[in-house]
Amino acid sequence: ELARDIPSVCLPDDHDVYHGNIWGAGGRAARELPSNREFPAHYKGFEGHWKQDGGGYLMPAEFANMVQRTQTSHLPDPYDPTPVEQGITVYYSEMNYGGISFAIIEDRKFKSSPSVMVPEGKVVNGFPQNPKFDARKADVPGAILLGERQLEFLNNWVEDWRGTWMKVALSQTIFAAVSSYPEDFLTDAKTPELEPAEPGVIPEGYRMSTDMDTNGWPQSGRNKALQAMRRGFTFMIGGDQHLGSIVHHGVHDWDDAGYSLCVPSVANLWPRRWFPPEPGAEHQEGMPPYTGRYLDGFGNHITVWAVSNPVISNQEPAELHDRAPGFGVARLNKEEQTITMECWPRYADPADQSASQYPGWPLTIPVQENYGRQPTAYLPTLEFQGLTNPVVQLMEEKTQEVVYTIRAKGPSFQPGVFAPGAYEIRIGEPGTERFKVIPGVRAIEGENAEILAIEF
């Protein structure tokens, strides 16, 4: 009933195709068991992960395609329908609903296996077993996250703003490793045994996770995806971590890319938690103690604003509610160009004025913060006559590269850029007669008091 007349996106993930974790590796078939049944020493007790850890799909291609038809056949046609290996189909595409342009991404299908790509890490199910292995150096050449096909899609998608007010990317999970484990954990297998903490308390003895099943690895693939999406001021929504979070991502510095909302599990059998061993930098007074700026276990820049850690809830049944189950809500305000992120405990009723969300929520941000890189030069202030809230796209004339595209708010907009020089401004309503191309507009370092009036 709920999905009958409400547009819905349902992304297949590992468990849908009978995997613990999935490294799709371009659709290949998973490797077989060793012929002599002798496994490397670090697989002792984890032999069941051997086949999937080699990359590819455990089940036949016909089964994978059936799962995808069941969950994605209602979506718009894929950007490039060419199947991957074994004839496994793809579904990555765009859906525009109510002026919100959604990119639907396949995180897992093209992703490399870390067990194959970084053998020195002795990786089992995404977790390095070699205590001397430095996960920050696991960004090896050839390791793939989204793959060139999806990066091409994202780069085209962020530039196409026909009928669009905001850009949102939907992916299986987020582009960071926002979890932590006790120092003696080699994998996450004992996560269900961890006890909930007291509210507001960070237990000692935890370390940053290096879970390669997150989109924090491989780092180069993660950064390419974020760099593509930020050119459209893209807000990101993901799941799979069993742990709700708000993260402002960074590529070369903190906050120079977009925000993500990771929704919690509605019934949480795997209660991950974020208990960093050190306080975050730039921590803001009144915020939870585990928030602030961090480098995750792979060295990625992340600013953590909120996490729905499993704590003693004083709700019954405790076995359910102490594991922080719930649901997330993203409210996209087109006119105000703002995004409000919410995260509700499962037991809460949002219609009840006295109900509370998880600590740190709600949080409202302007769309512009999804490209938080600081400008070093400015173009003239654009004043719009005859049209409000036009789309503004900037192209650097020297390189012919689009710097970014955004829908301006109100009657004027001053574009900031990252180098002085000449830029082409494309402005108006794309795909209509009310669209102009203005070449040779110069950006200067620092303040620019010039005004450029544009009539439509």
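The values are calculated or read from the model by the stated rules, or taken from the named source; none is laboratory data. Keep in mind the model is a prediction, meaning the values are calculated, not measured. Cβ placement follows ideal geometry from the backbone for every residue including glycine, while neighbour counts extend to all protein chains displayed. Ligands, DNA and RNA are stripped out before the accessible areas are found, and what is left, the full protein with its side chains, is counted by its heavy atoms. Shrake-Rupley method; radii C 1.70, N 1.55, O 1.52, S 1.80 Å.
Relative contact order (percent) for the chain, with alpha-carbon contacts under 8 angstrom and 6 or more residues of separation?
RCO, the chain: 11 percent.
Would you be so kind as to identify which of Asn125, Gln414, Pro325 lies farthest towards the positive end of the dipole of the chain, taking Lys and Arg as +1 and Asp and Glu as -1 on Cβ and the Cα centre as origin?
Highest projection toward the positive end goes to Asn125.
As a quick test, which of the pairs Lys111/Lys409; Lys190/Lys224; Lys51/Lys109; Lys334/Lys398; Lys109/Lys132; Lys409/Lys436 have an alpha carbon distance above 26 angstrom in this structure?
Those over the limit are Lys111/Lys409; Lys190/Lys224; Lys334/Lys398; Lys109/Lys132.
If I fit a long axis through the Cα atoms of helix 61-72 and take the longest principal axis of the Cα atoms of the chain, what angle between them do I get, 0 to 90°, rounded to 10?
Approximately 50 degrees, to the nearest ten.
With log10 I(q)/I(0) by the Debye sum over Cα atoms at q = 0.08, 0.12 Å⁻¹ in mind, check (i) -0.74, -1.17; (ii) -0.49, -1.08; (iii) -0.76, -1.03 and report the label derived from this structure.
Computed from the coordinates, log10 I(q)/I(0) by the Debye sum over Cα atoms at q = 0.08, 0.12 Å⁻¹ corresponds to (ii).
Determine the share of the stretch 80-210's accessible area contributed by carbon and sulfur atoms, expressed in whole percent, with a 1.4 angstrom probe.
About 52 percent, which is the carbon plus sulfur part of the accessible surface.
Do any trypsin sites (Lys or Arg not before Pro) in the stretch 1-86 lie in a loop, going by DSSP, with at most 11 other beta-carbon atoms within 10 Å of their beta carbon, and if so which?
Counting only loop positions with at most 11 other Cβ atoms within 10 Å, the trypsin sites (Lys or Arg not before Pro) in the stretch 1-86 are Arg4, Arg37, Lys44.
So what's the net charge close to Val123: Lys and Arg +1, Asp and Glu -1, counting the other residues with Cβ under 12 Å from its Cβ?
That works out to -3.
Report the local net charge at Ala135: Lys and Arg +1, Asp and Glu -1, summed over other residues whose C-beta lies under 15 Å from its C-beta.
Once all neighbours under 15 Å are counted, the net charge is -2.
If you line up the long axis of helix 219-230 against the longest principal axis of the chain, both from Cα atoms, how many degrees apart are they, to the nearest 10?
30
May I ask you to give the solvent-accessible area per residue for the chain, in square angstrom, as obtained with a 1.4 angstrom probe?
Value for the chain: 45 Å² per residue.
Please return the longest stretch of the chain lacking exposed loop sites, where GluC sites (Glu not before Pro) count only if DSSP places them in a loop and at most 13 other Cβ atoms lie within 10 Å.
Between exposed loop sites, the widest span is 39-182.
Within the accessible area of the stretch 1-65, what % is carbon and sulfur when the probe is 1.4 Å and the other protein chains stay in place?
54
Under the rule of -39500 (n - 2.57) per DSSP H run of 4 or more residues, summed and divided by the residues of the chain, what mean residue ellipticity at 222 nm is obtained, to the nearest 500 deg cm²/dmol?
-2500 deg cm²/dmol
If I fit a long axis through the Cα atoms of helix 147-157 and take the longest principal axis of the Cα atoms of the chain, what angle between them do I get, 0 to 90°, rounded to 10?
Computed tilt is about 30 degrees.
Could you pull the accessible area for Asp77 with a 1.4 Å probe, rounded to 10 Å²?
Asp77 has an accessible surface of roughly 130 Å² with all protein chains in place.
Using amide H atoms built in the peptide plane, which far-off residues or other-chain residues are under 5 Å from Ala324 H to H?
Val311
Any idea how far the Cα center of the stretch 254-286 sits from the one of the stretch 158-188, in Å?
11
Using a 1.4 Å probe, how large is the accessible area of Val266, given in Å² and rounded to the nearest 10?
Near enough 90 Å² of accessible area.
Probe radius 1.4 Å, ligands and nucleic acids left out: which of Ser412, Ser113 has the largest accessible area, and how do the rest follow?
Descending order: Ser412, Ser113.
For Ala29, what residues show an amide H to amide H distance below 5 Å, using hydrogens built from the backbone and excluding near sequence neighbours?
Here the answer is Tyr57, since their amide H atoms fall under 5 Å of that of Ala29.
What is the sum of charges, Lys and Arg at +1 and Asp and Glu at -1, for the other residues whose Cβ falls under 13 Å from the Cβ of Val307?
+1
Once the whole set of protein chains is in place, how much accessible area is left on His321, using a 1.4 Å probe, in Å² to the nearest 10?
Solvent-accessible area, nearest 10 Å²: 20 Å².
Can you grab the distance from the C-alpha centre of the stretch 330-366 to the C-alpha centre of the stretch 380-449, Å, no decimals?
32
At a 1.4 Å probe radius, carbon and sulfur cover how many percent of the accessible area of the stretch 339-393?
The nonpolar share, carbon plus sulfur, comes to 45 percent.
Name the long-range amide H neighbours of Arg407: under 5 Å, sequence gap of 5 or more, or other chain; modelled H, no Pro or chain starts.
Sorted by chain and number, the residues that satisfy this are Val392.
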